[in-house]
Amino acid sequence: MCILTDKEISKKILKGDMSIFDYLMDNYNKLLWLVIGNILETVGTAEDIEDCISEVYLKLMENPKGYDYRLGSIKSFLVKTGKNSAIDRYRQLARSNVIDLDTEIFTQTHDDDVLASIINTEDKAALLDAISLLKEPGKEILIRRYFFDEKPREIARKMQLNVKDVENKLYQSKLNIRKRFEQTEVYYG
């Protein structure tokens, strides 16, 4: 198999030469699988990863002028496109997983967390309301930390944030929930 330069690849893409996609898949699918898989590892399936990889090639096929070899390598372009696709899919999947909070969240208890003191049968609806009013990414960070036991460092890595930002969002989210409960006289802490 001959190795093509980025310039040659770009020309073939612009000409609509479909054989270039076989070449790209042979050379970059493993890399894309690794990049996308790392992002979707906790919320996605193999099918989600495959869909994202397909989206990468589809975007390139639909917009051949989107890749310019003078601005960077095809490898960088594919990785960046794959990463963006995976992040979008991650957010989609995470939102759909979070919707089912009523059944999952309250089966777990955490003695050391701030929210545990307010979780009881009467307060479940009020807590869900308070959490649902939080803004992203604070809402997702809070749920990941206190209901799925993910550590701030793990959350930061998965959401591609700074650990300090995750800790700040957790603090702010807890304050917002506490204020909401104090306003409705449901908070007993």
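The values are calculated or read from the model by the stated rules, or taken from the named source; none is laboratory data. Because the structure is a prediction, the values reported are computed rather than measured. No Cβ is skipped: glycine too gets one built from the backbone with ideal geometry, and neighbour counts run over all protein chains shown.
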Selected residue [aliphatic (A, V, I, L, M) and more than 12 Å from the chain's Cα centre (by Cα)] from I36, I3: I3
Selection within the stretch 134-189 - modelled with pLDDT of 80 or more and in a loop (DSSP other than H, G, I, E, B): L134, K135, E136, P137, E150, K151, Q160, L161, N162
Per-region count, the stretch 26-47, residues part of a helix (DSSP H, G or I) and surrounded by 15 or more Cβ atoms within 10 Å (Cβ to Cβ): 10
